[in-house]
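Working notes, structure below.
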Amino acid sequence: MSARKAATDEAAPQRDAGGPDAAPPGVLRVDLDALARNYRKLRALAGAAECAAVVKADAYGLGLGPVAERLARAGCRRFFVATLREGVALRRLLADVPISVLEGPAAGAEPRFVDFGLTPVLNTVAQVEGWVRAGGGPAALHLDTGMARLGLGAAEVEELAGRRELLRALRLDCIMTHLACADEPGHALNARQLEIFDTLRRRLPAARTSIANSAGVLLGGAYLGDLVRPGIALYGGNPRGTGPSPVEPVATLEGRILQLRDVTAATTVGYGATHRAEPPSRLAVLGVGYADGYPRCLGNRAQAAYRGLRVPVVGRVSMDLLCVDVSAVARGEISVGDYVELFGPTVALDEIAASAGTLAYEILTGLGARLERRYTGRE
Ligand SMILES: *Cc1c(COP(=O)(O)O)cnc(C)c1O
């Protein structure tokens, strides 16, 4: 086991099923070196701004521990998570880095933020009051400028601006906002949000600014502020969804061939008999299904790849299985036990997401716990 680990640099499987699975039906490969290169690329694009990393939702499904540790080694010095629980989990992995928690402290939760050295993102006047009352350290203040999601709106900024003593007691590390349409560079709301942000923050004490997610980093210029907060681009998602990507793929989803089936008489494939395979052809049954986060709607719609050759997904996707037509692969070149790429270097994550009518974000964060996550570039 230790020799195998040293040779392949793989993570131990999460489940306790009597040791590592030599032939897991579904594998998620995570290239941590590519992650580090994407981080450096974004940091270069951010110019003088500090480049944090957003690692919420288990680092977008790729595994918080290996991802955060690799990013820290690549020079990342600030992390964002969504929830207190995620912040505590990250603090246990990284003792020293600032960790910002986007949801801010619920009333009564402030001592936990203090205990774990977490920096809250304060989203309401009440959260500011609670944080100051708890004697908390540095905090970020979130202004809502057009998302109507978290953050103080204009009226609350005005209220806070009038609370001189409260503001004096607040250690304001950063004032931030979040763009609604950063992935559409021409959208008028981008400039409008920047304008509202500048107007609102002038009512408050001076602090560092943070505006940009991944797509915001690509907008550049004034959108960079002092601190950028990319997430999806680190993990290989194209921030604009289409067009040339500024980052490289990090995650590869693979399904093991459980069975190869020569079609010698016409047959239907899968539930609902939605595909008809005609002889002569060849089908490969893979051990990945919608329970692993491969969308059911991709049946008869998406492509997969075998050693760089594209092959179609045929029939409906089942819970644990799906079928690809591998007639195009030469007979001697494919065997049971081989792995077929469901997305990765050949079939882009963003292509799969678009075929499923969603985003790379939803595909990655929906990847199932049953997949074995294997990491390269850990050391
Ligand atoms: C999730 C999130 C980010 C990261 O967004 P990406 O589009 O993944 O780069 C940045 N800021 C906030 C407030 C977020 O919620």
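The values are calculated or read from the model by the stated rules, or taken from the named source; none is laboratory data. Since we're looking at a predicted model, the values are computed, not measured. Cβ atoms come from the backbone with ideal geometry, glycine included; neighbour counts cover every protein chain shown. In case anyone asks, the SASA skips ligands and DNA or RNA and just uses the protein heavy atoms, side chains included. Shrake-Rupley method; radii C 1.70, N 1.55, O 1.52, S 1.80 Å.
Worth a mention:
- Scan of region 259-293 for residues that are open to solvent by 70 Å² or more (accessible area, probe 1.4 Å), free of Cβ contacts under 8 Å to residues at least 24 places away in the same chain and hydroxyl-bearing (Ser, Thr, Tyr), ordered by number: Thr264
- Scanning region 133-150 for residues that are open to solvent by 40 Å² or more (accessible area, probe 1.4 Å) and not in a loop (DSSP other than H, G, I, E, B) yields one hit, Arg133.
- For Ala354, the test of being surrounded by fewer than 22 Cβ atoms within 10 Å (Cβ to Cβ), hydrophobic (A, V, I, L, M, F, W, C), farther than 16 Å from Val263 by Cβ and under 23 Å from the mean Cα position of the chain (by Cα) is passed.
- Filtered residues of region 204-216 (kept if touching a Lys or Arg at 6+ places or on another chain (Cβ under 9 Å) and not small (Gly, Ala, Ser)): Pro205, Thr209, Ile211, Asn213
- Tabulated pairs, region 170-181, first within 15 Å of the ligand (Cβ to nearest atom), second among the hydroxyl-bearing types (Ser, Thr, Tyr), C-beta under 6 angstrom, 6+ apart or interchain: Cys174/Ser210; Ile175/Thr209; Met176/Ser210; Thr177/Thr145
- Considering the conditions (1) within 16 Å of Asp350 (Cβ to Cβ); (2) free of Cβ contacts under 8 Å to residues at least 60 places away in the same chain; (3) within 16 Å of the ligand (Cβ to nearest atom), Pro244 is excluded by exactly one of them, (3).
- Tally, over region 158-179, of residues that are touching a strand residue (DSSP E or B) at 6+ places or on another chain (Cβ under 8 Å) and open to solvent by 20 Å² or more (accessible area, probe 1.4 Å): 4
- Residues satisfying the stated conditions in region 182-204, i.e. under 17 Å from Val228 (Cβ atoms), of a type in the set (A, V, I, L, M, F, W, C) and either open to solvent by 70 Å² or more (accessible area, probe 1.4 Å) or within 12 Å of the ligand (Cβ to nearest atom) (or both): Ala182
- Subset of region 205-224 that is among the hydrophobic types (A, V, I, L, M, F, W, C) and touching a Cys at 6+ places or on another chain (Cβ under 9 Å) - its residue that is nearest to the ligand (Cβ to nearest atom): Ala215
- The listed residue being in a loop (DSSP other than H, G, I, E, B), small (Gly, Ala, Ser) and crowded, with 22+ Cβ neighbours inside 10 Å, out of Gly237, Gly216, Gly241: Gly237
- Val313 of a type outside the set (S, T, N, Q), assigned to a strand (DSSP E or B) and open to solvent by less than 50 Å² (accessible area, probe 1.4 Å): yes
- Residue within region 206-222 that is free of Cβ contacts under 8 Å to residues at least 24 places away in the same chain and either more than 21 Å from the chain's Cα centre (by Cα) or over 21 Å from Leu359 (Cβ atoms) (or both) present: yes
- Qualifying residues in region 140-168 (those that are hydrophobic (A, V, I, L, M, F, W, C) and within 16 Å of the ligand (Cβ to nearest atom)) - the one modelled with the lowest pLDDT: Ala148
- Of all residues in region 319-326, none are open to solvent by 40 Å² or more (accessible area, probe 1.4 Å), part of a strand (DSSP E or B) and not aliphatic (A, V, I, L, M).
- Any chance Gly236 is within 16 Å of the ligand (Cβ to nearest atom), under 30 Å from Ala23 (Cα atoms) and in contact with a Pro (Cβ under 6 Å, 6 or more places away or on another chain): yes
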